[in-house]
Amino acid sequence: MTAMAKATAATYEWLYQEFTDGVGDTWLCVCFVRDVPPDEALRRVNVVPGSPLEGEGFGVAAYRARGGTVLVEYGWGAVVHDSAGLLSEGSAAAAVRVTIKGADFGLHVNGDLITAFSLYGYHWREGAEPDRLESDVTDLGLHLGGDEPGFAGDPTSAALALAERATGVHFSPAAYTRTALVGSTEHLHPYV
């Protein structure tokens, strides 16, 4: 399940910076989905392509990427993160969520949670195979060791590289600048 050319944190520094404001706050919710086209990925999360972003502008953009699709959520919901299991049916999906409330990673394969952990507490991981990505986690510097939570620096770029390694889906700046399928998540927002 590991991509042949291993992504590094530097591979995704551009995406981290795109969703980080001038004071260092990051608000990013993405999901890398292997071998699923953008329209199908949106359908799986109950988002209609082309539906207008209303109200607060909540929505999901589905970008075609090498090896599958990358979903990027706009607004402050967590539809993409919370739907990773649905997205992984017959495939694999890795979700990364980084907000002011926390930061986490989750890998689902064929609907099953394989591993999930806080980017600040790898020790407390869960899932059917919580250690499946351990060598990549260590290589990317996401595991400090010991029982204490914490992280030296910001783990966002490394977590995005882990998503690529786990799914084999590569998301480039060029793919991000292409037109994406976009649809509203206003009807899915938990506070509606």
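The values are calculated or read from the model by the stated rules, or taken from the named source; none is laboratory data. Just so we're clear, the structure is a prediction, and the values are computed from it rather than from any experiment. No Cβ is skipped: glycine too gets one built from the backbone with ideal geometry, and neighbour counts run over all protein chains shown. Side chains included, ligands, DNA and RNA excluded: accessible areas come from the protein's heavy atoms. Shrake-Rupley method; radii C 1.70, N 1.55, O 1.52, S 1.80 Å.
Just a few scattered comments:
- A single member of Gly57, Gly50, Gly68 is within 19 Å of Tyr176 (Cβ to Cβ) and surrounded by fewer than 17 Cβ atoms within 10 Å (Cβ to Cβ), and it is Gly57.
- Strands (runs of 3 or more DSSP E) contained entirely in the range 1-98, each with at least 2 residues that are hydroxyl-bearing (Ser, Thr, Tyr): 68-74
- In the range 121-144, the residue that is least open to solvent (accessible area, probe 1.4 Å) out of those that are farther than 19 Å from Gly111 by Cβ and small (Gly, Ala, Ser) is Gly121.
- Of the residues making up the range 154-176, those that are out of contact with any helix residue (DSSP H, G or I) (no Cβ under 6 Å at 6 or more places or on another chain) and over 13 Å from Leu107 (Cβ atoms) number 7.
- The range 89-113: number of residues that are crowded, with 21+ Cβ neighbours inside 10 Å and out of contact with any Ser or Thr (no Cβ under 9 Å at 6 or more places or on another chain): 1
- Evaluation of Asp136 against (1) assigned to a loop (DSSP other than H, G, I, E, B); (2) touching a residue at least 40 places away in the same chain (Cβ under 8 Å) (one fails), failing number: (1)
- Screening Ala62 with (1) at pLDDT 95 or above; (2) closer than 17 Å to Arg165 by Cα gives one miss only, at (2).
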